[in-house]
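Just below is one structure, and these are the notes that go with it.
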Amino acid sequence: MDNMKQDLPIAVFDSGLGGISVLRELRALMPEENYLYFGDSANAPYGVRSLEDVRALTIRAISTLYNRGIKAAVIACNTATSAAIIPLREQFADIPVIGMEPALKPAVLEHPHECVLVLATALTLREEKFSHLMESYDRLAEVISLPCPELVEFVERGELDSPALDAYLAERLGPWRDRADAAVLGCTHFPFLREAIRKHLNPSAVLYDGGAGTARQTRRQLELRNLRRGGDDLGHVVIENSLGTPEILGRSCRLLEL
Ligand code: DGL
């Protein structure tokens, strides 16, 4: 019975394709685990929706995954975490539910008194979870919140490098280009735009994202509950998306292999 439990997949959820950047980190750290990725691209972007909407969509998606049998759920979306992590942990108390937050702490600790940009969705930046994070760290550095919701849609379209993307980034990041010492990629879609973003910042600016930390936190949670899958065999990865089209599934697989 116990072995069966350890063989169950880890669910990885995002509003769309962004969580694949976290799935990559999870697989790099724990290749023997089985994964079930669900992206809700039919309802993306979440970051411009109301809190209630995002909470309801997230709880609905995790309920469906939970009923299929999973041993843990990774909310690979800063926006969905801000909106729903508390009710999710209450409702699915018998499995670890791991959330995400912008990697502000390492950025500020490594750049004291310097200028740190936080790129995220509007919802993430206005919610309580981020306010708490700001209260803890914004005295240590000059922290600038920069909502960039359109970047989510570039990634959803598979547009990781284009003149339109460059024009958007030039307009958004231009005012900070010479001042920013670090930038936090506070949305899981943004690591796919790392190179495009880097072109619009000072070459010495350091970029941070929370994917690797979330993968380590997931491993800790599984170990605490004796839920790690042993052996050297590579686990399975299943990718599903609410759009269900061959295009979105193909794009998901390409992002996973990037
Ligand atoms: N990937 C999500 C995040 O980390 C947000 C994307 C969206 O707005 O749908 O915040």
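The values are calculated or read from the model by the stated rules, or taken from the named source; none is laboratory data. The structure presented is a predicted model; accordingly, all values stated were derived computationally and were not measured. Reconstructed Cβ throughout: ideal geometry from the backbone, glycine too, with neighbour counts over all protein chains shown. Areas reflect the complete protein model, heavy atoms only, side chains present, ligands, DNA and RNA absent. Shrake-Rupley method; radii C 1.70, N 1.55, O 1.52, S 1.80 Å.
For the range 147-214, the share of accessible area belonging to carbon and sulfur comes to 53 percent (1.4 Å probe, ligands and nucleic acids excluded).
According to the calculation over all Cα-Cα pairs in the range 70-219, the P(r) per 10 Å bin from zero is 11, 40, 34, 12, 2 %.
If you sort LEU109, LEU88 by accessible surface, 1.4 Å probe, largest first, the order is LEU109, LEU88.
Taking a straight Cα-Cα cut-off under 16 Å and skipping sequence neighbours fewer than 8 places away in the same chain, the lysines within cross-link reach of LYS105 are LYS129. Per residue, the accessible area of the chain comes to 44 Å², computed with a 1.4 Å probe over protein heavy atoms only. Take the chain and mark each of the trypsin sites (Lys or Arg not before Pro) that is in a DSSP loop with at most 16 other Cβ atoms within 10 Å; the longest unmarked stretch, sites excluded, is 1-138. VAL48 sits with roughly 100 Å² accessible to a 1.4 Å probe, with DNA, RNA and ligands left out of the calculation. Segment SER131..ALA28, full-extension length gain: 33.9 nm, with 0.36 nm per residue of separation and the alpha-carbon distance subtracted.
Using a simple spin-label model with pseudo-atoms 7 Å out from Cα toward Cβ, GLU247 and ARG179 lie 3.9 nm apart. The tail of the calculated P(r) for the chain, taken as Cα-Cα distances beyond 24 Å, holds 45 percent of the pairs. Counting only lysines at least 8 places from LYS5 when in the same chain, those with an alpha carbon closer than 17 Å to its own are LYS71.
Note that the range 165-210 carries a Kirkwood radius of 10.6 Å, evaluated over its alpha carbons pair by pair. Sort out for me the Cα centre separation of the range 1-56 from the range 82-130, rounded to whole Å. Using only Cα atoms to place each centre, the spacing works out to 16 Å.
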